[in-house]
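Enquirer: Handing you a structure now.
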Amino acid sequence: MPNKKIEATENKLTVFCKGGCLGASLFRWVRRNLMPKDTPSMAKNKMRRSLVAIYDPPPSNTEVNQLWNYFKSRCAYCGVEIERKSRTGHLDHLVPSSEGGRNNIHNQALSCAHCNGDEKREEPWDSFLAKKAQSSSVYNERKTKIENWLSLAPQSIKNKELIDEAACIIKEALDNFEHAVNKMRVLRNKSTQPLYGPRLSSKNLP
């Protein structure tokens with residue numbers, strides 16, 4: 001359940017709780033069963049995303065505006081005009097992160113929802129463009145436009161040494177977190193052990 005819906009539910013139930021015990025019980029049940037629980041794996045994923053965002057932040061609003069202006073509000077692949085207010089325009093990574101691509105605005109092209117969401121998927125942009133272009137001249141024109149935009153990316157984002165160093169820092173942080181989680185689990189197990197040995201039951205009494 002999205003956080004906004006949880007907050008709205010909590011607010012409504014808080015008001016309802018004031019009426020008596022039944023409302024309070026229901027409120028506690030919702031908090032216990034419906035609110036998302038933080039787990040070590042969730043925290044680890046959040047940590048990874050946060051560290052990546054520091055080194056490779058998403059484009060700013062100004063940069064996104066520059067992209068829309070450069071592609072003249074048209075899909076870089078099929079050329080269809082995109083109404084920005086319709087929220088059907090996508091920022092498509094030209095070089096995927098799996099191949100070392102970054103979030104820099106010049107590694108992204110404007111795409112319509114149909115091309116990016118339904119057709120292209122993981123296909124390389126140039127081979128997909130060849131399918132969408134109606135002729136070789138259209139293909140060459142759009143390919144040149146995308147390549148010119150891609151060439152504006154700073155060379156530093158392609159620095160393999162920096163990329164590898166960032167990956168090492170992230171791995172070290174996640175390994176340290178995993179080590180801390182294991183130590184806390186050991187501590188938890190110690191804290192749940194009885195202080196004076198096993199409890200005596202009536203069956204063990206003479």
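Enquirer: Among E141, E122, E165, E147, which is the only one that is out of contact with any Cys (no Cβ under 9 Å at 6 or more places or on another chain), farther than 21 Å from S73 by Cβ and in a helix (DSSP H, G or I)?
Expert: After ruling out the rest, the residue left standing is E165.
Enquirer: I've got another one for you. Of the residues that sit in segment 156-188 and are charged (D, E, K, R) and over 24 Å from Q108 (Cβ atoms), which one is modelled with the lowest pLDDT?
Expert: So the residue we want is R188.
Enquirer: In addition: Provide a single number: the residues in segment 72-119 that are out of contact with any Lys or Arg (no Cβ under 9 Å at 6 or more places or on another chain), modelled with pLDDT of 90 or more, within 21 Å of R49 (Cα to Cα) and not in a helix (DSSP H, G or I).
Expert: 6
Yes/no per residue for (1) touching a strand residue (DSSP E or B) at 6+ places or on another chain (Cβ under 7 Å); (2) over 20 Å from K145 (Cβ atoms):
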residue: L91; (1), (2): yes, no
residue: S97; (1), (2): no, yes
residue: L110; (1), (2): yes, no
residue: H114; (1), (2): no, no
residue: R121; (1), (2): no, yes
residue: A130; (1), (2): no, no
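Enquirer: Here's a follow-up. Does segment 100-120 contain at least one residue that is in contact with a Leu (Cβ under 8 Å, 6 or more places away or on another chain), free of Cβ contacts under 8 Å to residues at least 24 places away in the same chain and within 22 Å of E63 (Cβ to Cβ)?
Expert: Looking through segment 100-120, at least one residue is in contact with a Leu (Cβ under 8 Å, 6 or more places away or on another chain), free of Cβ contacts under 8 Å to residues at least 24 places away in the same chain and within 22 Å of E63 (Cβ to Cβ).
Enquirer: Would you be able to tell me the number of residues in segment 73-132 that are at positive phi and basic (K, R)?
Expert: Qualifying residue count, segment 73-132: 2.
Enquirer: Could you tell me whether A153 is under 15 Å from L94 (Cβ atoms), at pLDDT below 95 and not in a helix (DSSP H, G or I)?
Expert: yes
Enquirer: Can you tell me which residue in segment 128-150 is modelled with the lowest pLDDT, limited to those that are more than 30 Å from the chain's Cα centre (by Cα) and crowded, with 16+ Cβ neighbours inside 10 Å?
Expert: Among those that are more than 30 Å from the chain's Cα centre (by Cα) and crowded, with 16+ Cβ neighbours inside 10 Å, it is A133.
Enquirer: Before we move on, is R199 at pLDDT below 90 and part of a helix (DSSP H, G or I)?
Expert: no
The values are calculated or read from the model by the stated rules, or taken from the named source; none is laboratory data. Only a predicted model underlies this, so the values are computations on that prediction, with no experimental measurement involved. With ideal geometry, Cβ positions are generated from the backbone for all residues, glycine too; neighbour counts draw on all protein chains shown.
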